[in-house]
Amino acid sequence: MLDFGMTRVVYDRVCLEHDTGEHPECAERVRRAEAWLRDPACRTEVTWHEARRATLADLERVHPAAHVERVRSLAADGGGRLDADTVASSASFEAATAGAGACLTAVDLALDEPGPLPFALVRPPGHHALADRAMGFCLFNNVAVAARHAQSRGREKIAIVDFDVHHGNGTEAIFYDDPSVLFVSSHQHPLYPGTGAAEDRGRGAGEGFTLNIPLEAGTTGPELLEALEREAAPAIERFAPDMLLVSAGFDAYRHDPLAQLAVDVDDFALIGTRLAEWARAFTSGLWMATLEGGYHLDDLPRCIEAFLAGSAAP
Ligand SMILES: [Zn+2]
């Protein structure tokens with residue numbers, strides 16, 4: 001099999017210049033991940049792809065122009081605080097447009113050049129960002145911008161699976177009344193940001209197109225996988241998406257400093273393999289993934305490696 005063990009990583013080093021100061025969401029996360037993915041000992045063979053920058057038109061499919069301008073002008077003025085735990089530096093607008101742009105490039109790779117999983121290695125993350133404001137370390141909602149881009153390219157029904165340990169409240173809110181996007185989130189509950197109850201299933205025409213899978217502290221990788229298999233797989237199969245997008249956060253990792261799940265490094269490989277199976281079964285292999293959280297600096301590279309290697313398993 002030609003693409004055995006291979007992955008495609010979409011990247012722009014400008015993401016390292018988003019300077020958050022003393023903060024769990026720091027450049028070192030991605031710097032170390034990049035170094036390990038380039039190391040010959042890495043278990044997956046990576047081809048690197050330059051991220052494009054998201055344009056105002058790309059971002060405005062999700063965010064009002066006023067929000068984009070708020071982030072741009074704050075960065076242009078040297079940076080500052082966007083919410084209690086979300087900061088911008090002078091390079092943050094560039095980094096954030098590259099982050100969303102990497103997701104657009106990943107969608108285009110999936111659509112135009114069939115092959116291994118395109119993974120957007122980005123920061124700032126995106127899934128807490130609401131349409132009209134930054135939140136929870138996130139400036140623009142990268143995966144939501146990617147979903148609208150995929151739709152603009154004729155893939156009408158998009159499934160988003162978010163296995164970050166935190167609820168993807170921004171992504172949920174953006175698509176809450178939209179039946180064209182199925183949003184599935186597994187997350188520790190209760191935990192920041194407090195949303196993501198199982199009863200929250202969408203609104204109006206979007207009723208039934210949000211699926212929250214709250215998990216108790218201490219949930220293990222096999223238990224998480226079992227919950228995804230039991231609840232998410234049938235929902236995605238029934239929805240019959242044209243493309244699968246994955247918000248891949250690695251803070252469900254057992255030693256992550258921001259949460260209390262008990263997922264091991266190798267469990268992320270099993271998650272990657274399972275999602276690859278779903279992509280093949282439900283979307284003819286059209287899928288991409290993007291980095292969300294994951295704050296254990298020493299082990300995040302191994303968690304990403306495991307997920308990518310698992311996604312490329314035959
Ligand atoms: Zn998270």
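The values are calculated or read from the model by the stated rules, or taken from the named source; none is laboratory data. What you are looking at is a predicted structure, and each value in this text was computed from that prediction instead of being measured. Cβ atoms come from the backbone with ideal geometry, glycine included; neighbour counts cover every protein chain shown.
Please find, within the stretch 27-59, the residue that is surrounded by the fewest Cβ atoms within 10 Å (Cβ to Cβ) out of those that are farther than 19 Å from Cys138 by Cβ and among the hydrophobic types (A, V, I, L, M, F, W, C).
Only one residue tops the list, namely Ala41.
If you check every pair at least six apart or on different chains, which have Cβ atoms under 9 Å apart with a residue in the stretch 5-17 that is in a loop (DSSP other than H, G, I, E, B) first and a residue that is among the acidic types (Asp, Glu) second?
Gly5/Glu45; Asp12/Glu50; Asp12/Glu94
Please identify the pairs in which a residue from the stretch 77-93 that is on the phi > 0 side of the Ramachandran plot has its Cβ atom under 7 Å from the Cβ atom of a residue that is surrounded by 15 or more Cβ atoms within 10 Å (Cβ to Cβ) and part of a loop (DSSP other than H, G, I, E, B), counting only partners at least 6 apart or on another chain.
Listed pairs, sorted by first residue: Gly78/Ser90; Gly79/Ser90.
Look through the stretch 48-83, keep the residues that are in contact with a strand residue (DSSP E or B) (Cβ under 9 Å, 6 or more places away or on another chain) and of a type in the set (Gly, Ala, Ser), and return whichever of them is nearest to Met6 (Cα to Cα).
Once the filter is applied, the top-ranked residue is Ala51.
Out of the strands (runs of 3 or more DSSP E) lying entirely within the stretch 181-259, which hold 1 or more residues that are more than 26 Å from Arg155 (Cα to Cα) and in contact (Cβ under 8 Å) with a residue 60 or more places away in the chain?
181-188
Name the pairs whose Cβ atoms lie under 6 Å apart, with the first residue in the stretch 278-300 and among the charged types (D, E, K, R), the second in a loop (DSSP other than H, G, I, E, B), and 6 or more positions between them or separate chains?
What qualifies is Glu292/Pro125; Glu292/His127; Glu292/Asp164; Glu292/Gly249.
Restricting attention to the stretch 268-294, which residues are out of contact with any Cys (no Cβ under 8 Å at 6 or more places or on another chain), within 16 Å of the ligand (Cβ to nearest atom) and over 24 Å from Val145 (Cα atoms)?
none
Considering only residues of the stretch 113-164 that are among the β-branched types (Val, Ile, Thr) and closer than 18 Å to Met243 by Cα, which is farthest from the ligand (Cβ to nearest atom)?
Ile158
In the stretch 155-175, how many residues are in a strand (DSSP E or B) and of a type outside the set (A, V, I, L, M, F, W, C)?
1
Against the condition surrounded by 24 or more Cβ atoms within 10 Å (Cβ to Cβ), modelled with pLDDT of 95 or more and part of a loop (DSSP other than H, G, I, E, B), how does Val122 come out, does it pass?
yes
Kindly indicate whether any position in the stretch 77-84 is within 16 Å of the ligand (Cβ to nearest atom) and more than 18 Å from the chain's Cα centre (by Cα).
The answer is yes; a qualifying residue exists.
Determine which single condition Ser247 fails, assuming it passes every other condition in (1) surrounded by fewer than 23 Cβ atoms within 10 Å (Cβ to Cβ); (2) under 17 Å from the mean Cα position of the chain (by Cα); (3) among the polar types (S, T, N, Q).
With respect to (1) surrounded by fewer than 23 Cβ atoms within 10 Å (Cβ to Cβ); (2) under 17 Å from the mean Cα position of the chain (by Cα); (3) among the polar types (S, T, N, Q), Ser247 is out only on (1).
Output the residues belonging to the stretch 203-256 that are within 16 Å of the ligand (Cβ to nearest atom), touching a Gly at 6+ places or on another chain (Cβ under 9 Å) and either at positive phi or small (Gly, Ala, Ser) (or both).
Correct list: Ser247, Ala248, Gly249, Ala252.
What are the residue pairs meeting all of these: first residue in the stretch 155-166, first residue buried (at least 24 other Cβ atoms within 10 Å of the Cβ), second residue polar (S, T, N, Q) and assigned to a strand (DSSP E or B), Cβ atoms under 6 Å, and 6 or more apart or on different chains?
Between residues of the stretch 155-166 that are buried (at least 24 other Cβ atoms within 10 Å of the Cβ) and residues that are polar (S, T, N, Q) and assigned to a strand (DSSP E or B), the close pairs are Asp162/Ser185; Asp162/Ser247; Phe163/Ser186; Asp164/Ser247; Val165/Gln188.
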